[in-house]
1. Inside region 144-155, can you point out the residues that are touching a residue at least 40 places away in the same chain (Cβ under 8 Å) and either crowded, with 16+ Cβ neighbours inside 10 Å or not in a helix (DSSP H, G or I) (or both)?
2. Quick check on region 52-64. Is at least one of its residues buried (at least 21 other Cβ atoms within 10 Å of the Cβ) and in a loop (DSSP other than H, G, I, E, B)?
3. Say whether the condition of being closer than 28 Å to Ala20 by Cα and modelled with pLDDT of 95 or more is met by at least one residue in region 83-100.
4. Between a first residue in region 103-119 that is over 17 Å from Ile152 (Cβ atoms) and buried (at least 24 other Cβ atoms within 10 Å of the Cβ) and a second residue that is at pLDDT below 95 and of a type in the set (Lys, Arg), which pairs have beta carbons less than 7 Å apart while being 6 or more apart in sequence or on different chains?
5. Just give me the residues in region 124-143 being without any contact (Cβ under 8 Å) to a residue 12 or more places away in the chain and of a type in the set (S, T, N, Q), in sequence order.
6. Mind checking whether some residue in region 123-130 is farther than 24 Å from Ser82 by Cα, modelled with pLDDT of 95 or more, basic (Lys, Arg) and loosely packed, with under 14 Cβ neighbours inside 10 Å?
Amino acid sequence: MPHAHITLTVNGEPTDVAFAPYKTLLEVLREDLNLCGTKHGCELGECGACAVLLDDQPVLSCLVLGVECGGRRVTTVEGLVSDGRLHPLQETFADLGAAQCGYCTPGILVTAKALLDEHPHPTRDQIRDALSGNLCRCTGYQQIFEAVEAAIPVASACGRASGREREARSAREASASGGAPRESQ
């Protein structure tokens with residue numbers, strides 16, 4: 001069977017990858033790009049362990065075919081680190097014991113990041129709703145909600161920088177393609 005070949009941006013880096021065309025984004029990330037932070041869970045789209053950001057929106061990577069990701073941006077839990085520093089969510093999860101066995105944590109972290117990027121000061125109900133697709137068998141969720149809330153002030157300050165970074169990236173992409181900048185979503 002011939003391999004699919006795509007170019008996409010993974011954690012801010014342009015990436016070329018060839019893989020069997022039936023592979024999911026989860027399989028491409030783990031098996032072909034050796035990014036193992038994203039976890040295999042149910043592989044049915046029910047647990048959230050495989051959540052990543054696709055063009056800044058949380059998706060379940062076990063339900064997305066790799067071939068659908070050409071030209072797109074993927075952010076995994078590995079991509080939350082910036083300049084060698086943990087994302088504020090990663091820090092508060094560690095400080096408040098929100099990660100116990102850790103299996104669900106990568107999916108929860110990227111989903112929570114998307115929430116904070118869209119709603120810099122979410123309510124507890126908004127946090128609960130955003131994370132409702134992420135199952136955790138260890139924490140009872142209380143520590144997770146508290147860790148997201150604790151990250152809000154720092155993440156909000158980082159979010160302003162992220163917005164500027166998104167605008168600069170959009171301008172660079174437009175310049176490279178000879179078109180107008182894409183609207184960030």
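1. Hits for region 144-155 are Ile144, Glu146, Ala147, Val148, Ala150, Ala151, Ala155.
2. Looking for residues that are buried (at least 21 other Cβ atoms within 10 Å of the Cβ) and in a loop (DSSP other than H, G, I, E, B), one finds none in region 52-64, hence no.
3. Taking region 83-100 and keeping what is closer than 28 Å to Ala20 by Cα, we get none.
Checked against the condition, which is being closer than 28 Å to Ala20 by Cα and modelled with pLDDT of 95 or more, region 83-100 yields no hits at all.
4. The qualifying pairs do not exist here.
5. Hits for region 124-143 are Gln126, Ser132, Gln142.
6. Going through region 123-130, the residues farther than 24 Å from Ser82 by Cα turn out to be 123-126, 128-129.
Then keep just the ones that are modelled with pLDDT of 95 or more; that gives 123-126, 128-129.
Next, only the ones that are basic (Lys, Arg) stay: 124, 128.
Add one more test, that the residue is loosely packed, with under 14 Cβ neighbours inside 10 Å, and what stays is 124.
Yes, that holds for at least one residue.
The values are calculated or read from the model by the stated rules, or taken from the named source; none is laboratory data. Values in this document were obtained by computation on a predicted structure and should not be read as measured data. Because the Cβ atoms are built from the backbone with ideal geometry, glycine has one as well, and the counts that use them run over all protein chains shown.
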